[in-house]
Amino acid sequence: MLIAKDLDNNKVLPSPKMSAICPHCEQEVLSKCGDINVWHWAHLISCPFEYERETEWHKLWKDRAVSFGLELEHMFVRHITDAIDHKKKVCYEFQYSPISRIEMVSRVIHYKTFNYSTKWIFDYKEKKDSDQLIISHVNNLVVKFQQKWAKRTITDLFEGKSILFGVIYFDTGDDIILVRKLYENGNGWGYIVTPQHILNNSLIQKNYWGQDKQLFKF
């Protein structure tokens, strides 16, 4: 957890030898500011809300989200989204660890009850570095990709061009791929995009395959 609150209800980031209050369960948290792990808040007593272990990758994306004016770690009754755009009604999930199909569906449906859509950003750097994700550039905007041992949770929910459970991005460390077509075997194609496109809900041109040049949102 990166965000806590002080006694005056102000949001605070962790710094050495601090204590604060969890904004969700209202219990005391202590700052953990070592040299190895990302600085974060830790509960003294187990929190009823689950938090994914924070990594440098999480912090990078959360820092980016803050730079675009998004709120971090917003709670919707029982789910806490990594970042949220209240104006455009988009929830962002920065997913580093494995996640079950049931949990993904639960989050998306829960956010939809508040009329929010979901964007999933998956950390695929390790898959790319270990040659489990092979990328070929069609041009400077379009890529095709092949996967070895594709994650079934993702292919089951996003096969074809389905956006029923949100929009997905693969962050490979070198590129960020907006996945536009995903096949059952995990292969597919997509567009190279920037963090600004994702977090600012930018428009991009739909003319890469000779289609019309109208602009569309994701």
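Output ³J(HN,Hα) for the range 137-149: one whole-Hz value per residue in order, computed from phi by the Karplus curve 6.51 cos²θ - 1.76 cosθ + 1.60 with θ = phi - 60°, and x for Gly and Pro. Per residue, the Karplus-derived 3J(HN,Hα) values read 8, 6, 7, 6, 10, 10, 10, 10, 9, 10, 10, 9, 6 Hz.
Karplus-based coupling profile of the range 83-100, in residue order and whole Hz: 8, 8, 10, 5, 5, 9, 6, 10, 9, 10, 10, 9, 9, 9, 8, x, 9, 7, with θ = phi - 60° in 6.51 cos²θ - 1.76 cosθ + 1.60 and x standing for Gly or Pro. For the range 66-123, trypsin sites (Lys or Arg not before Pro) meeting the loop criterion (DSSP other than H, G, I, E, B) and having at most 15 other Cβ atoms within 10 Å: R78, K87, K88, K89.
Each pair of Cα atoms in the range 62-108 enters the Kirkwood radius, and Stokes-Einstein at 4 °C and 1.567 mPa s then converts it into a translational diffusion coefficient of 114 µm²/s. Per-residue Karplus couplings for the range 188-199, computed as 6.51 cos²θ - 1.76 cosθ + 1.60 with θ equal to phi - 60°, are listed in order as x, 8, x, 10, 7, 10, 10, x, 4, 4, 6, 8 Hz, Gly and Pro entered as x. By the gyration tensor of its Cα atoms, with a ≥ b ≥ c the square roots of the eigenvalues, what is the shape of the range 1-105: rounded for a/c under 1.5, prolate for a/b over b/c, or oblate? Judged from the Cα gyration tensor, the range 1-105 comes out rounded (a/c under 1.5).
Positive end of the dipole of the chain (Cβ unit charges, origin at the Cα centre): among I168, G190, L72, the Cα lying farthest that way belongs to G190.
All C-alpha to C-alpha distances of the chain, sorted into 10 Å bins beginning at zero, yield P(r) values of 7, 31, 35, 19, 7, 1 percent in whole numbers. When the pairs K89/K127; K11/K62; K59/K88; K5/K89; K32/K88 are compared against a 26 Å limit on Cα-Cα distance, K89/K127; K32/K88 fall above it.
Listed by Cβ neighbour count within 10 Å, with the fewest neighbours leading, I121, I102, I134 appear as I102, I134, I121. The overall shape of the range 94-167, judged from the alpha-carbon gyration tensor, is prolate: a/c is not under 1.5, and a/b is greater than b/c.
The calculated P(r) of the range 1-51, using every Cα pair and 5 Å bins from 0, goes 4, 25, 34, 23, 11, 2, 0 in percent. Of Q147, Q95, Q27, the residue with the greatest mean-square motion in the GNM of the chain, using alpha carbon springs below 10 Å, is Q27.
Bear in mind that the values in this text are calculations on the coordinates, not laboratory data. This one's a predicted model, so the numbers in the text were calculated from it and none came from an experiment. Ideal geometry is used to build each Cβ from the backbone, glycine not excepted, and the neighbour counts take in all protein chains shown.
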